[in-house]
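Please read the structure below before turning to the comments.
The values are calculated or read from the model by the stated rules, or taken from the named source; none is laboratory data. Not measured: the values here are computed from a predicted model. All Cβ positions, glycine included, derive from the backbone under ideal geometry; neighbour counts span all protein chains shown. For accessibility, only protein heavy atoms count, side chains too; no ligands or nucleic acids. Shrake-Rupley method; radii C 1.70, N 1.55, O 1.52, S 1.80 Å.
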Amino acid sequence: MPQSAHDAEARNPVKKIAIAVLLFLSAHSWAADDPNPADYTVTIHVSSVNIAIGGRQDLSVLIDGKKYELLCECAAGTILALGDYKAKLVKDEHKTTYDSIQVYEFLFADKKTSKFEVVGQTE
């Protein structure tokens, strides 16, 4: 069934709006700000790294003199270099006085970040 010129003109503005919205969203995602190093105030010393089941990184770390085990679902099979990293606590839930869920976000020199969940602690 042939379309009238009026139908084609009526859809044309919709296409233009859709394209404009897609371009805006695309530009907005590319313009995302780099993480602010001043927000990463926690120093985490990585003393040991292992590959856990599933290829995840299992870290032994010191945070404020306390020993923790962190787990990351980072690039499978990669090993993080030992040393000090700047981080920030991005999740800190305490639903009871004895349970907690904590996640740290590490900031690397190239401004990339990775999240590591606290999965163990030692006295």
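Pairs needed: first member in region 53-75, under 18 Å from GLU123 (Cβ atoms); second member anywhere, open to solvent by 40 Å² or more (accessible area, probe 1.4 Å) and among the basic types (Lys, Arg); C-beta distance under 8 Å; at least 6 residues apart or different chains.
Pairs found: SER60/LYS67; VAL61/LYS67.
Can you go through LYS67, LYS112 and tell me which one is open to solvent by 60 Å² or more (accessible area, probe 1.4 Å) and under 17 Å from the mean Cα position of the chain (by Cα)?
LYS112
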